[in-house]
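Trainee: Supplied in structure tokens, the structure appears directly below.
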Amino acid sequence: MDVRRITESLIQTGIKRKLEEWGIPEEISVSVEVPRQEEHGDFSTNAALQLAGHMKRKPRDVAMELLGSIRQADEGGWFRDLTVAGPGFINVVLSEGAWQEVLANALTKGERFGAVDRKEGERVLLEFVSANPTGPLHVGHGRGAVVGDALARILAFTGCQVTTEYYVNDVGNQIDCLGKSLYARYLQLCGKKAELPEDGYRGEYLVDLAREFREEVGDRYLPVEEEEAFPVFRKVACDRILNGIRKDLETFHVHIDRWFREESLHESGSVAAIVDELRERGQLYESEGAVYFKSESHGDEKDRVLVRADGRTTYFASDLAYHRAKLRQGFTKLIDIWGADHHGYAPRLSAALKGLGEKDSRLEILLVQFVSLVRDGKTVQMSTRSGEFTTLREVMDEVGIDAARFFYLLRSFRSHLDFDLTLASKKSNENPVYYIQYVHARICSIFREAADRGIVLSDAPPLSVLSLPDETNLMKKVARFPDVVSESGKAREPHRIPFYLLDLAREFHAFYHNHRFLGETPERTQGRLALATAVRNVVSTGLSLLGVSAPERM
RNA sequence: GCGCCCUUAGCUCAACGGAUAGAGCUCCUGACUUCGGAUCAGGAGGCUGGGGGUUCGAAUCCCUCAGGGCGCGCCA
């Protein structure tokens, strides 16, 4: 039950009737909003402002007529007050009964309040992290991981069928280079002089890995020819690093349903097939021995190589086969979450889907901007190649899972993030994550105290006693939750939820300070405990959508 | 050079084309004998980077300039 939806439909009904009367087709977009200012009511519509221009009438006059029609449409007394304000807005105040009805619904639904149960929701494949298995996850990957995971939770909660997937780039030059780097490290440990490849991976983790491997196999690969030894090292490096990544994500409570290996596309012949298909569709041509895809004609800035002069396919070819495979599995929406450094790649992929005759609107690419770490007010420098980077594991250890996830999600992923390690690791009032968790702990504490006093919340608490402005305001905040979650999912903006929760927490803490939950009249105590229950449920559900725990004690 | 993203309070950031641009942190001043002070109340802090345009209405859309980030491989 979404207050906004109910309100919106009543307003729309009223407007529609009036439009029919006036003989105006409903092509004008009319919005129902939650005003920023409380004095402007619970909801507000700009309908009259939008219509007045077309009708060549004064907005306020149009508003007056619409208002009458909306009032008529509201047969059940959902609205308490309708007024025309400012340049011609129609402001709406809901009746107390309406809010109480929502609260009752929130109590019935419990932790499913705000959830959408849809049998045939959109089938979404959400692909994220997909970091090359050439090193441990760092703080940048962490952001993509949490954003993707939270989005998956939000979409699932709002009625989508979501599958999460990690695309493993386990073939190609970079993996070859990784294998060579590990091989060099191994030889070095065996006391042999060996140089890392020019663009090799210099991180300390490969030395550790080489040591671990040598402890298992000893010097067995010392006399083996490089060509023979190399594939072994490549596989060992790739597998073990990927294993580390799996563990990191697990620790971080990031859930991946499927791990999709690039190599499987080669094994199954999908890559070759996609090249053939594009050739049949007349999308390819040869130049200087290489095969190009005509991506420029589909909106990319230039044509791209699919097959190199030496006959090997490019990463782009694999990626095409990969996305085609995803679409063939019946997903109606593919969401890819990429690091912002890959943004130039997006037009190429959409171009390719068009070239394959697919609707490119089924592909949505979200670009997550970079993360800088800040400690004690100073930026921590990072560089993957030199191996000087802060790993996700280190951040989790330093600030904790809850705080790390929360800090990642508190900002729009479309903007750069300064991750303040000093602040995030503080277990004090400066740290906003505890402000929210404290609401939950506090309410649990109230119920512990209630139990001690022998007070039990009844199944049908008298909600009509909740008539104080502070009580109504808290109810209103609770009632917004379904709308916030729904919008957060539609806009692909998880950060709206932490902001909402901070807002709710503020409202609750203020209420707590000014009123008592226990010790009033029995009816009032029942009503307030009901309200507290609803707040606790919303906080708990909201935090779970972020993958953050809701502790009973802190 | 070309392309994409960003620029909002001292700092970090919000704001579905709407009305007087909001939070947190920092700084200052206050509050509880009660259910948890990881709390609450108040104050200070802004020409939304500059300039044009569209609109009844612009932080938001368009153009332009300036500053910052990131791309522009037969790497992935």
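Trainee: Checking residue A:125 against (1) within 16 Å of RNA strand B (Cβ to nearest atom); (2) open to solvent by less than 30 Å² (accessible area, probe 1.4 Å); (3) not aromatic (Phe, Trp, Tyr), which test does it fail?
Mentor: If we test residue A:125 against (1) within 16 Å of RNA strand B (Cβ to nearest atom); (2) open to solvent by less than 30 Å² (accessible area, probe 1.4 Å); (3) not aromatic (Phe, Trp, Tyr), just (1) comes out false.
Trainee: For the structure I just gave you, tell me whether residue A:317 is small (Gly, Ala, Ser), surrounded by 12 or more Cβ atoms within 10 Å (Cβ to Cβ), part of a loop (DSSP other than H, G, I, E, B) and near RNA strand B (Cβ under 10 Å from one of its atoms).
Mentor: Values: small (Gly, Ala, Ser): yes; surrounded by 12 or more Cβ atoms within 10 Å (Cβ to Cβ): yes; part of a loop (DSSP other than H, G, I, E, B): no; near RNA strand B (Cβ under 10 Å from one of its atoms): yes.
Considered against the rule, which asks whether it is small (Gly, Ala, Ser), surrounded by 12 or more Cβ atoms within 10 Å (Cβ to Cβ), part of a loop (DSSP other than H, G, I, E, B) and near RNA strand B (Cβ under 10 Å from one of its atoms), residue A:317 comes out as no.
Trainee: Quick check on this structure: which one of A:116, A:93 is of a type in the set (A, V, I, L, M), more than 10 Å from RNA strand B (Cβ to nearest atom) and part of a loop (DSSP other than H, G, I, E, B)?
Mentor: A:116
Trainee: Follow-up. Does residue A:345 fit the bill of being hydroxyl-bearing (Ser, Thr, Tyr), more than 8 Å from RNA strand B (Cβ to nearest atom) and closer than 30 Å to residue A:546 by Cα?
Mentor: No, not satisfied.
Trainee: Just name the residue that is surrounded by the fewest Cβ atoms within 10 Å (Cβ to Cβ) out of those in the stretch A:434-451 that are near RNA strand B (Cβ under 6 Å from one of its atoms) and among the charged types (D, E, K, R). Can you show your working first?
Mentor: Of the stretch A:434-451, the ones near RNA strand B (Cβ under 6 Å from one of its atoms) are A:434-435, A:438, A:441-442, A:445-446, A:449.
From the residues that got through so far, the ones that are among the charged types (D, E, K, R) too are A:442, A:449.
Numbers: A:442: 20, A:449: 13.
Selected residue: A:449.
Trainee: Do you know which of the residues in the stretch A:474-487 that are surrounded by fewer than 24 Cβ atoms within 10 Å (Cβ to Cβ) and within 13 Å of the chain's Cα centre (by Cα) is nearest to RNA strand B (Cβ to nearest atom)?
Mentor: So, considering only residues that are surrounded by fewer than 24 Cβ atoms within 10 Å (Cβ to Cβ) and within 13 Å of the chain's Cα centre (by Cα), the one nearest to RNA strand B (Cβ to nearest atom) is A:487.
Trainee: All but one of (1) open to solvent by less than 20 Å² (accessible area, probe 1.4 Å); (2) in contact with a strand residue (DSSP E or B) (Cβ under 9 Å, 6 or more places away or on another chain); (3) aliphatic (A, V, I, L, M) hold for residue A:156, so report the exception by its number.
Mentor: Among (1) open to solvent by less than 20 Å² (accessible area, probe 1.4 Å); (2) in contact with a strand residue (DSSP E or B) (Cβ under 9 Å, 6 or more places away or on another chain); (3) aliphatic (A, V, I, L, M), the lone unmet condition for residue A:156 is (1).
Trainee: Let me ask something else about it. Restricting the search to the stretch A:165-219, which residues are touching a Leu at 6+ places or on another chain (Cβ under 6 Å), over 22 Å from residue A:246 (Cβ atoms) and crowded, with 22+ Cβ neighbours inside 10 Å?
Mentor: If the condition is that a residue be touching a Leu at 6+ places or on another chain (Cβ under 6 Å), over 22 Å from residue A:246 (Cβ atoms) and crowded, with 22+ Cβ neighbours inside 10 Å, then A:185 is the only one that fits.
Trainee: Okay, next question. Looking only at the stretch A:452-472, filter to residues that are part of a helix (DSSP H, G or I) and within 11 Å of RNA strand B (Cβ to nearest atom); which one of those is least open to solvent (accessible area, probe 1.4 Å)?
Mentor: Once the filter is applied, the top-ranked residue is A:470.
Trainee: Out of the residues in the stretch A:22-66 meeting the condition of being in a helix (DSSP H, G or I) and without any contact (Cβ under 8 Å) to a residue 24 or more places away in the chain, tell me which one is surrounded by the most Cβ atoms within 10 Å (Cβ to Cβ).
Mentor: Within the stretch A:22-66, the subset in a helix (DSSP H, G or I) is A:22, A:38-40, A:47-55, A:59-66.
Now narrow it down to the ones that are without any contact (Cβ under 8 Å) to a residue 24 or more places away in the chain: A:38-39, A:50, A:53, A:61, A:64.
Numbers: A:38: 9, A:39: 7, A:50: 17, A:53: 11, A:61: 14, A:64: 14.
For the stretch A:22-66, the residue satisfying everything is A:50.
Trainee: With the requirement that a residue be hydrophobic (A, V, I, L, M, F, W, C) and not in a helix (DSSP H, G or I), what does the stretch A:506-554 give you? Spell out the reasoning first.
Mentor: We begin by selecting, within the stretch A:506-554, every residue hydrophobic (A, V, I, L, M, F, W, C); these are A:508, A:510-511, A:517-518, A:529-532, A:534-535, A:538-539, A:543, A:545-546, A:548, A:550, A:554.
A:517, A:518, A:548, A:550, A:554 - these are the residues of the stretch A:506-554 that are hydrophobic (A, V, I, L, M, F, W, C) and not in a helix (DSSP H, G or I).
Trainee: Which residues, counting only those in the stretch A:204-245, are of a type in the set (D, E, K, R) and over 21 Å from residue A:174 (Cα atoms)?
Mentor: A:211, A:212, A:214, A:215, A:216, A:219, A:220, A:225 - these are the residues of the stretch A:204-245 that are of a type in the set (D, E, K, R) and over 21 Å from residue A:174 (Cα atoms).
Trainee: Right, here's the next one. What are the pairs, 6+ residues apart or on separate chains, where a residue within the stretch A:74-88 that is more than 14 Å from residue A:35 (Cβ to Cβ) and without any contact (Cβ under 8 Å) to a residue 60 or more places away in the chain has its Cβ under 8 Å from a residue that is charged (D, E, K, R) and away from RNA strand B (no atom under 16 Å from the Cβ)?
Mentor: Going by the 8 Å Cβ cut-off, the qualifying pairs are A:80/A:96.
Trainee: Would you point out which residue out of A:165, A:195 is at pLDDT 95 or above and of a type in the set (Asp, Glu)?
Mentor: A:165
Trainee: Something else now. Go through the stretch A:287-306 and count every residue that is open to solvent by 70 Å² or more (accessible area, probe 1.4 Å) and at pLDDT 95 or above.
Mentor: 0
Trainee: Under the condition of being open to solvent by less than 60 Å² (accessible area, probe 1.4 Å) and within 16 Å of RNA strand B (Cβ to nearest atom), which residue from the stretch A:10-21 is modelled with the lowest pLDDT?
Mentor: A:15
Trainee: Return the residues of the stretch A:452-461 that are in contact with a helix residue (DSSP H, G or I) (Cβ under 6 Å, 6 or more places away or on another chain) and within 11 Å of residue A:104 (Cβ to Cβ); say none if nothing qualifies.
Mentor: Scanning the stretch A:452-461 gives a single hit, A:461.
Trainee: With the structure loaded, tell me whether residue A:98 is modelled with pLDDT under 95, away from RNA strand B (no atom under 16 Å from the Cβ), open to solvent by less than 20 Å² (accessible area, probe 1.4 Å) and part of a helix (DSSP H, G or I) or whether it fails that test.
Mentor: Against the criterion (modelled with pLDDT under 95, away from RNA strand B (no atom under 16 Å from the Cβ), open to solvent by less than 20 Å² (accessible area, probe 1.4 Å) and part of a helix (DSSP H, G or I)), residue A:98 qualifies.
Trainee: Tell me which residues, restricted to the stretch A:342-382, are over 21 Å from the mean Cα position of the chain (by Cα), not in a helix (DSSP H, G or I) and not hydrophobic (A, V, I, L, M, F, W, C).
Mentor: Within the stretch A:342-382, A:357, A:358, A:359, A:375, A:376, A:377, A:378, A:379, A:381 qualify.
Trainee: Moving on. Residues in the stretch A:375-396 that are open to solvent by 80 Å² or more (accessible area, probe 1.4 Å) and either acidic (Asp, Glu) or at pLDDT below 60 (or both): how many?
Mentor: Going through the stretch A:375-396 one residue at a time, the tally reaches 4.
Trainee: Here's another thing I want to ask about it. Any residue that is in a loop (DSSP other than H, G, I, E, B) and closer than 23 Å to residue A:434 by Cα - is there at least one of those in the stretch A:497-505?
Mentor: Looking only at the stretch A:497-505, we keep the residues that are in a loop (DSSP other than H, G, I, E, B), and these are none.
No; the residues of the stretch A:497-505 include none that is in a loop (DSSP other than H, G, I, E, B) and closer than 23 Å to residue A:434 by Cα.
Trainee: Give the number of residues within the stretch A:507-535 that are touching a residue at least 60 places away in the same chain (Cβ under 8 Å) and of a type in the set (D, E, K, R).
Mentor: 2
Trainee: If the Cβ limit is 6 Å and pairs must be 6+ apart or interchain, which residue in the stretch A:427-446 that is among the basic types (Lys, Arg) pairs with which residue that is open to solvent by 50 Å² or more (accessible area, probe 1.4 Å) and more than 6 Å from RNA strand B (Cβ to nearest atom)?
Mentor: No pair meets every condition.
Trainee: Still on this structure, I have one more. Within the stretch A:323-341, take every residue that is farther than 19 Å from residue A:367 by Cα and assigned to a helix (DSSP H, G or I) and give me the one that is most open to solvent (accessible area, probe 1.4 Å).
Mentor: Selected residue: A:328.
Trainee: Before we move on, is residue A:313 closer than 17 Å to residue A:164 by Cα and polar (S, T, N, Q)?
Mentor: Against the criterion (closer than 17 Å to residue A:164 by Cα and polar (S, T, N, Q)), residue A:313 does not qualify.
The values are calculated or read from the model by the stated rules, or taken from the named source; none is laboratory data. The structure displayed is predicted, hence computed values, not measured ones. Please note: Cβ atoms are built from the backbone with ideal geometry, for glycine as well, and neighbour counts cover all protein chains shown. Only protein heavy atoms, including side chains, enter the accessible area calculation; ligands, DNA and RNA are left aside. Shrake-Rupley method; radii C 1.70, N 1.55, O 1.52, S 1.80 Å.
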